[in-house]
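Heads up, the thing below is written out as C-alpha cells.
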Amino acid sequence: MKKLVWIISILALLWIIKLSYDFYELHTQQLDVTNKIGQLQQENANLNDQVIALKRQMTLVKTASKDGESANHLTTTTLASTADDTALVRQQLDLIEFALQQKQYATALEKLNQLEQSLAHYHLSAALKDSLEAVVVKDRNMLKQFIANELGQINKLKAFMQQLDAEIAVEMQHPYQETIHETRSFWQRLIQVESVKQPSALLMQRSVILKEAQLRLLTAQSALQSGQPLVFAKAIDSVIEVLKQLPDQKTKTWINQLIRIKAIPATPLPMLNTRTLIGE
C-alpha cells in the first residue's frame, strides 16, 4: 500500500512539473505576440514620420513652383503622396486586424481611433476621406458590439470553470460514496448484507484523479484568459479524459457540461468595412 502511495505521489509531482512547463510556454507565446505588436506599432510610427517629411517637401515645392514644369512636378508628387497615405491606411488596418486575431481588443479599438484622427492629415481626395471617416465610425460601433459579446461569452466560461473548480475542491474533501437506488423492496433492504471487501484501487485514487483534473482545468482557464482557443479546447479535452477514469454520476455530469462548453462555436472575427473600401 505504501508503495502505491509513493508511486501516485511521484506521478502527481511529474504532472505538476509538466503543467509548470506548459504555463511557461504559454507565457513565452504571449510575450512573442506582445513583441510583434510593438514592432508593428514602431513600423507604423516610422511610416507616419515618412509621410510628414514628404508633406513638408511638397509644401516647399508648391511654394517654389512658378511655371508649368514645376506644376507638373507638384502633380506627380501629390499623386505619390496620395499613394503613400493610402498605403499608410492599409498598414494601420493590418495592425488592427492583427490585434483582433490575437484577442487584443483594447489595442484594436485604440488603433482604430488613431486611424480616425489621422485621416484629417492624410492627402486623400475629399470623397475618399469622407467615406473613410464614415466607415471607420461604423467599424468602431461594430467592434464594440463584437467585443461586448465576446467578453460576455468569456465571462460565462470563466464563471462555469470557477464553479467546476470549486465543486471539484469540495468533492476531494469527501470520500466516494456510491448512490444507493431505492428501487429495492423493504425486505431486500432489510436483509442486505454490507460488503466488507476493500474499495477498488481506482476509487482509492479518486482524490488524486480529481486533483489532476483540477490542474488541467487551471490550464484551460489560463488559455481562455490569454485568448488561445485551440489551447483551451485541448485543455478541456484533457480534463474530460481524466474525469472519464471515474465511474460515478458526479463526474459524468461534469463531463457532459464540459462537452457542451467545448461545442460552443467560436464567434468569427468581423470584417472591417474600412478594409473593403480601401482595398487590399
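The values are calculated or read from the model by the stated rules, or taken from the named source; none is laboratory data. Remember, it's a predicted structure, so these values are computed and weren't measured experimentally. Reconstructed Cβ throughout: ideal geometry from the backbone, glycine too, with neighbour counts over all protein chains shown. Remember, those area values only see protein heavy atoms, side chains included, never the ligands or the DNA or RNA. Shrake-Rupley method; radii C 1.70, N 1.55, O 1.52, S 1.80 Å.
Every residue, every condition in (1) modelled with pLDDT of 85 or more; (2) aromatic (Phe, Trp, Tyr); (3) out of contact with any strand residue (DSSP E or B) (no Cβ under 8 Å at 6 or more places or on another chain); (4) farther than 16 Å from Lys158 by Cβ, yes or no:
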{"site": "Ile168", "(1), (2), (3), (4)": "yes, no, yes, no"}
{"site": "Glu182", "(1), (2), (3), (4)": "no, no, yes, yes"}
{"site": "Lys197", "(1), (2), (3), (4)": "no, no, yes, yes"}
{"site": "Leu203", "(1), (2), (3), (4)": "no, no, yes, yes"}
{"site": "Thr219", "(1), (2), (3), (4)": "yes, no, yes, no"}
{"site": "Leu224", "(1), (2), (3), (4)": "yes, no, yes, no"}
{"site": "Val231", "(1), (2), (3), (4)": "yes, no, yes, no"}
{"site": "Ser238", "(1), (2), (3), (4)": "yes, no, yes, yes"}
{"site": "Lys244", "(1), (2), (3), (4)": "yes, no, yes, yes"}
Item to complete: Search segment 95-119 for residues being open to solvent by 70 Å² or more (accessible area, probe 1.4 Å) and not charged (D, E, K, R), and hand back the single one that is farthest from the chain's Cα centre (by Cα).
Response: Gln117
Worksheet item: Could you list, in sequence order, the residues of segment 231-280 that are over 18 Å from Met161 (Cα atoms) and outside any helix (DSSP H, G or I)?
Response: Gln245, Leu246, Pro247, Asp248, Thr267, Pro268, Leu269, Pro270, Met271, Leu272, Gly279, Glu280
Practice prompt. Would you check if Gln192 is modelled with pLDDT under 80, assigned to a loop (DSSP other than H, G, I, E, B) and surrounded by fewer than 17 Cβ atoms within 10 Å (Cβ to Cβ)?
Written response: yes
